1. Arg381 versus Ile166, label points 7 Å from Cα toward the beta carbon: distance in nm?
2. How would you classify the range 232-316 from its alpha-carbon gyration tensor, with a ≥ b ≥ c the square roots of the eigenvalues: rounded for a/c under 1.5, else prolate if a/b is greater than b/c, otherwise oblate?
3. Just the C-alpha atoms of the range 1-148: what Rg/Rh do they give, with Rh taken as the Kirkwood radius?
4. Taking only C-alpha pairs under 8 Å that are 6+ residues apart, what is the relative contact order of the chain in percent?
5. In nm, what is the difference between 0.36 nm times the number of residues separating Gln258 and Lys196 and their Cα-Cα distance?
6. Can you work out the FRET efficiency for the pair Trp37 and Arg281, with r the C-beta to C-beta distance and R0 = 25 Å, to the nearest 0.05?
7. What do you get for Rg/Rh over the range 136-269 if you use C-alpha atoms and the Kirkwood form of Rh?
8. Please report, to one decimal in angstroms, the Kirkwood hydrodynamic radius of the range 21-88 built from all distinct Cα-Cα pairs.
Amino acid sequence: MTGSLLVTGIGELVTGDAEQPVLTQAAFVVDDGAVAWVGAAAEAPAADAAYDMGGRAVIPGFVDSHSHLVFAGDRSAEFAARMAGESYAAGGIRTTVRATRSASDEELTAHVRRLVDEMQRQGTTTLEIKSGYGLSVADEARSLAIARQFTDETTFLGAHVVPEGITPEEYVALVTGPMLEAARPHARWIDVFCEKGAFDADQARAILTAGAAVGLRGRLHANQLNYGSGVQLACELGLVAVDHCTYLSDADVDALAQSGTVATLLPGVEFSTRHPYIDARRLIDAGVRVALASDCNPGSCFTSSLPFCIAIAVRDMGMTPTEAVLAATAGGAAALDRTDVGRLTVGARADFAVLDAPSHVHLAYRPGVPLVAETWRGGVRA
Ligand code: NIG
Ligand code: FE
């Protein structure tokens, strides 16, 4: 787009501004892909063009800070079995590893594209993508190379589980050695699944330390299936975010509040594994910064929908609709250490979703209804 665009007729504008996150009778101007002005519609400056929202709500595009999109295969039978009483087993990851290894680059890329498009239609404008279903040097590197075609926020998750045919000690050596070397050019972050049956805190520390030594910033899957020391490790290492946080002791909550590490909550996982929903109110009231993300993956949670996650967070996790929308926008940005996305304030990228609804509350009030009518990135309608 050339020239500035005045966005008017907005039913309600969620800016994500710390002081006043929700405005009515507001307008904003987009120039050069970014928000150039936000304020009262009556005081809007002149612009080269105008776009009337017709009373619909505008919110920042969702920032989905946790997804595993590079995979092949289908595990819907596992889901059906869980709904009939089976429990979630992270061992299912190896099923996806087999399918992913035997898929071609073209198949994997086309599948990621389909999921990214699906996310975009639901209002996501920034997303993180992890590897973690390759678990060999070549398959992790190609997973990240594919992910990088869709986002700069790529995460090396070689330490997802220990694959078949190798001891844990040998595998940690591989992850911190040749696999890290092959992944590094394609990744911004490094992640570890720190959980009984995957990697313990000492292994996680070793892997994150090796990643940091080559410039990859750490994040962690922790306390998803059991209480454990992963969250405390993330806080001790000063990681930007620790994800899942389903089982938290009071000491874990204190550590999160003290460290400022963002707790990324993934309600779709609890929906899909029947683990208990997290009491987000407890975290927020303790001063913990929270984000909401999808965790879109074939095993524990195959939703790509942040509106769905917001509805659960409001219905079952004690968040207000405004808190939930902010957690999926500015919160997700914080979890990726980004300030240029996740809000519609001056200087931010003009990434936004237009809702077929007068207010953001409808995202939880009308669950399951496709309310995202338009998604804009950098001031351009996608
Ligand atoms: O974030 N927790 C570990 N990894 C994924 C699940 C992977 C799978 O089941 O395939 C998650 O929940
Ligand atoms: Fe995950």
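1. Distance between the two pseudo-spin positions: 4.8 nm.
2. Numbers: a/c = 2.00, a/b = 1.66, b/c = 1.21.
Taking the square roots of the gyration eigenvalues as a ≥ b ≥ c, the range 232-316 is prolate.
3. Values: Rg = 21.5 Å, Rh = 18.7 Å.
Rg/Rh: 1.15.
4. 21 percent.
5. Residue separation times 0.36 nm, minus the Cα-Cα distance, leaves 19.8 nm.
6. 0.10
7. Radius of gyration relative to Kirkwood radius: 0.96.
8. About 16.8 Å, per the Kirkwood formula over Cα pairs.
Since every read-out is calculated from the coordinates, none of them should be taken as a lab result. All values derive from a computational prediction rather than experimental measurement. Positions of Cβ are generated from backbone atoms using ideal geometry, with glycine treated the same way; all protein chains shown enter the neighbour counts.
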